[in-house]
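Trainee: Supplied in structure tokens, the structure appears directly below.
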2 protein chains.
Amino acid sequence: MTNSSDSRPGWVLGVDSGGSGLRVALAPVPSADDTVPTKAGDRADTAVSRQPVRTGPGGIDAGHLMEQLVPMAKALLGEVGGDGEIRAVAIGAAGMATLGDELRDLLPDALAEAFGVRRLALAADAVTAYTGALGQRPGAVVAAGTGMIALGTEGKKWRRADGWGHLLGDCGGGAWIGRAGLDAALRDHDGRRGGSAALRARAEEFFDGPVTELPGKLYPRTDRPAVLASFVPEVARCAAEDDPVAVGILRAAALHIAEAAAAVCPPETECEVALTGGLFGIGDLLLVPLKEELSVQLPRAQAVSADGNPLEGAVVLATALALDALALPCDGRLLHVPEETGGAPTPQHSR
Amino acid sequence: MTNSSDSRPGWVLGVDSGGSGLRVALAPVPSADDTVPTKAGDRADTAVSRQPVRTGPGGIDAGHLMEQLVPMAKALLGEVGGDGEIRAVAIGAAGMATLGDELRDLLPDALAEAFGVRRLALAADAVTAYTGALGQRPGAVVAAGTGMIALGTEGKKWRRADGWGHLLGDCGGGAWIGRAGLDAALRDHDGRRGGSAALRARAEEFFDGPVTELPGKLYPRTDRPAVLASFVPEVARCAAEDDPVAVGILRAAALHIAEAAAAVCPPETECEVALTGGLFGIGDLLLVPLKEELSVQLPRAQAVSADGNPLEGAVVLATALALDALALPCDGRLLHVPEETGGAPTPQHSR
């Protein structure tokens, strides 16, 4: 089975569900002679909902996802003429790997009912970050924002490093850097070693009060990792002004990020390593020490820029599904393709 | 005003309110020729309630504290004959420093009404840890359990270092050590540098499952610092078996604890440094590197064992109040003695 024999235009839906909302992209299925997509193709259009999909103890609320997704997708189809057929859907979601049972159980039927689509991929957001950055090429991707995760594959299995959250890891990510900066601010206040007067001054201005008030401002919040990560630009600013503590924090972050990349790179002579996510917006202050660390820890790494973002990565996955050309490992945890939808079956033992 | 001219026996109440409940001690006021208590005196008796005092946005719930304290104190007085007069009360409480407004506003009148007592001290638990360990002597105390705080004084002002909680500091405390141990377990799982197979094996046994399940077990909890600290004995066990990563974690913890002690030691030729709190139950695995670090960072430090615990520290404070002999700084934050109760007035500006 390759392209549908249906004469209507074929489309795929890529979906990116995260803490800041739901983004949906509609893209045409490419012609059959481009059967193995390795890069994100052209998107027809994108819809964005700023309302994050609710999550509960069973993971993402599948009903709430469909409530938003169906009208958004139908509106996108309407914009391109309305007579198209959706041939595959790929949904990348934060927390899919550990919290996605409800999604896996309910979504295939719901999508079949809404769009007649029978090809579905559910992916951890790290996987859509991967496919957005590298398509289906082997290599490694580091995705860093508030958190930090590295994912690599040679095509047969995923290697994952970190992404364990702000208390167990995410070493070198935004919350990690922000926390290190606030630690240095409080060390300066206390007169402990490792303090930075510059970081303390920035913390007092940024959080609008003496650093002694930070515990009362941070701990009652439910979005503590985001609060910590919000301090990253101030750490970068101090590093840009040559504050040695801030420079040291970014160098330590680079070390941790390189450690994660080195752990997931497929064991081949060369390895593309793509850096993606908002954290790398810091620029050379982080990228220069990171490339230095990579050259030490992983000399065969070739740092490349990401082709696209996670939404484009979801389109890559959906396109590969539509063309029967999915070339990435379906392990049931990071990437799940329900058997009945026509993809490679997900082994039961890894569910 | 020294001792009351009342012929009834004089008593003081020491109170220790924390996460594990409320403890109350009744102790006789010593004779007037021992006017400056520097050590915890004899306690008549102790009552314990396992029900922690409720806390809300305004801090400790003063009504809930009194509901438990009044019957406990009356029962203790009954045991010693029932005709005694309570001359002073000192309450040490977790979070007093930042969250005690309700306590400060309502407690003086409530205690005057219940016991006729007009001398009251409200102390952060770090202060009762200090007075329990060193009485009113100058020096420094490190209190380490789940968290870690250092407090020092030469008698005129408090110096505090750390105690900023598990995301902003508490460096070297129980949650810090446990987190470092779990980080090493996950590094081993991922194949990242810094991993420890021994810590991973202990984590899998202790938390009853693969380390990949740790995020799902930790993040939904509200007592995350305690969960992290619960892993400390396993880190100590691995260190005792010479796992180099576990040994390194305890050495790094010792470094941080010494940094905090060095920051608060009064600037004199010699300085007693007392180590108190459950974390030091680890023993030499932590104490040996800590004493080494202290000898480097603070050569004039003289490590001493704590005289007593925070409940005994509250008795020291209450006794000093009863004898008009309080010799510690009342800064309104760490140690608050309301003006109308006859103690040294708390400066308004530091409230």
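Laboratory data are not the source of any read-out in this text; all were calculated from the coordinates shown. Predicted, not measured: the structure shown is a model, and the values here were computed from it. Methodologically, a virtual Cβ is constructed for each residue, glycine included, from the backbone with ideal geometry; neighbour enumeration extends over all protein chains shown.
Trainee: Shielding of B:207-214 by partners, i.e. mean partner chain Cβ atoms within 10 Å per residue?
Mentor: Taking the mean over all residues of the peptide, I get 2.
Trainee: Same structure, new question: Relative to the other copies, what are the label-point distances for A:Asp109, with labels 7 Å from Cα along the C-beta vector, expressed in nm at one decimal and sorted shortest first?
Mentor: Spacings between copies for this position, smallest first, are 6.3 nm.
Trainee: If you don't mind, there's one more thing I want to ask. Test of understanding: in a Gaussian network model of chain B with alpha carbons linked when under 10 Å, which of B:Asp284, B:Asp208, B:Asp109 would top the mean-square fluctuation ranking?
Mentor: So, out of B:Asp284, B:Asp208, B:Asp109, the one fluctuating most is B:Asp208.
Trainee: With the cut-off at 22 Å, report for region A:93-195 the share of all Cα pairs above it, as a whole percent.
Mentor: So the portion of pairs separated by more than 22 Å is 50 percent.
Trainee: Next up: Between B:Arg193 and B:Glu154, how many nm apart are label points set 7 Å from Cα along the C-beta direction?
Mentor: Once both label points are built, they end up 4.4 nm from each other.
Trainee: Got the relative contact order for region A:174-305 handy, in percent, Cα pairs under 8 Å and 6 or more residues apart?
Mentor: 24 percent
Trainee: Could I ask something else about it? With everything on Cα atoms, drop me the angle between helix A:101-115 and the longest principal axis of chain A, reported from 0 to 90° to the nearest 10.
Mentor: That helix lies at roughly 40 degrees to the long axis.
Trainee: Taking R0 as 35 Å, what FRET efficiency do you get between A:Lys217 and B:Leu287 from their Cβ-Cβ distance, rounded to the nearest 0.05?
Mentor: 0.50
Trainee: Provide A:Ile149, B:Ile177, A:Ile282 in ascending order of the number of other Cβ atoms located within 10 Å of each residue's Cβ, fewest first.
Mentor: On the way: A:Ile149 26, B:Ile177 30, A:Ile282 22.
In increasing order of surrounding Cβ atoms, one gets A:Ile282, A:Ile149, B:Ile177.
Trainee: Could you name the aspartates and glutamates whose alpha carbon sits less than 14 Å from that of B:Lys217, not counting residues in the same chain fewer than 8 places away?
Mentor: B:Glu204, B:Glu205, B:Asp208
Trainee: Next question. What nm distance separates the two modelled labels at B:Arg50 and A:Arg54, each placed 7 Å from Cα along Cα→Cβ?
Mentor: Simple spin-label model gives 3.8 nm for this pair.
Trainee: I've got another one for you. Taking only Cα atoms, what is the 0 to 90° angle, nearest 10, from helix B:310-322's long axis to the longest principal axis of chain B?
Mentor: Approximately 20 degrees, to the nearest 10.
Trainee: Residues of A:187-196, mean number of Cβ from any other protein chain within 10 Å of their own Cβ, rounded to a whole number? Don't skip to the end; give the middle numbers.
Mentor: Working: counts 9, 0, 4, 12, 8, 13, 8, 3, 2, 0.
Mean partner shielding for this stretch: 6.
Trainee: Placing unit charges on C-beta atoms (Lys and Arg positive, Asp and Glu negative, everything else neutral), compute the dipole magnitude of region A:174-305 about its Cα centre in debye, rounded to 20. Show your work: numbers first, answer last.
Mentor: Values: 13 positive and 19 negative charges, 71 e Å.
The dipole of region A:174-305 has a size of about 340 debye.
Trainee: Taking the Cβ-Cβ separation of B:Glu268 and A:Ala240 as r and a Förster radius of 41 Å, what is the calculated FRET efficiency to the nearest 0.05?
Mentor: 0.50
Trainee: Would you grab the residues whose amide H sits under 5 Å from the one on B:Glu272? Only those 5+ places off in sequence or on another chain, please, with H modelled 1.01 Å from N.
Mentor: Answer set, sorted by chain and number: B:Ala140, B:Gln302.
Trainee: Quick check on the exposure proxy: order B:His189, B:His336 from fewest to most C-beta atoms within 10 angstrom.
Mentor: So the ranking, lowest neighbour count to highest, is B:His189, B:His336.
Trainee: Scattering from the C-alpha atoms of chain A alone, worked out with Debye: what is log10 I(q)/I(0) at q = 0.08 1/Å?
Mentor: -0.41
Trainee: Listing B:Lys291, A:Lys157 from the residue with the fewest other Cβ atoms within 10 Å to the one with the most, what is the order?
Mentor: Least to most surrounded, the residues fall as A:Lys157, B:Lys291.
Trainee: In 10 Å bins starting at zero, report the fraction of Cα pairs in region B:143-269 per bin as a rounded %.
Mentor: The distribution over region B:143-269 is 14, 40, 29, 12, 5, 0, given as percents.
Trainee: Using a basic spin-label model with each label point 7 Å from the Cα along Cα→Cβ, how many nm lie between B:Glu67 and A:Arg118?
Mentor: A separation of 6.3 nm, rounded to one decimal place.
Trainee: How far is helix A:62-79 tilted, in degrees, relative to the longest principal axis of the Cα atoms in chain A, given as a value from 0 to 90 rounded to the nearest 10?
Mentor: Result, in degrees: 70.
Trainee: Taking each residue in A:215-224, count the Cβ atoms of any other chain within 10 Å of its Cβ, then average. What number comes out?
Mentor: If you average over the peptide's residues, the count of other-chain Cβ atoms is 3.
Trainee: Taking the dipole about the Cα centre of the protein assembly as shown, with the C-beta of Lys and Arg at +1 and of Asp and Glu at -1, give me whichever of A:Ala110, A:Ala140, A:Val127 is farthest to the positive side.
Mentor: Most positive-ward Cα: A:Ala140.
Trainee: List the trypsin sites (Lys or Arg not before Pro) in region B:191-242 that DSSP assigns to loop (not H, G, I, E or B) and whose Cβ has at most 15 other Cβ atoms within 10 Å. Which are they?
Mentor: B:Arg193, B:Arg221
Trainee: Among B:Pro28, B:Pro267, B:Pro310, which one moves the most in a GNM of chain B with springs linking Cα atoms closer than 10 Å?
Mentor: Maximum fluctuation in the GNM of chain B, among the listed residues, is at B:Pro267.
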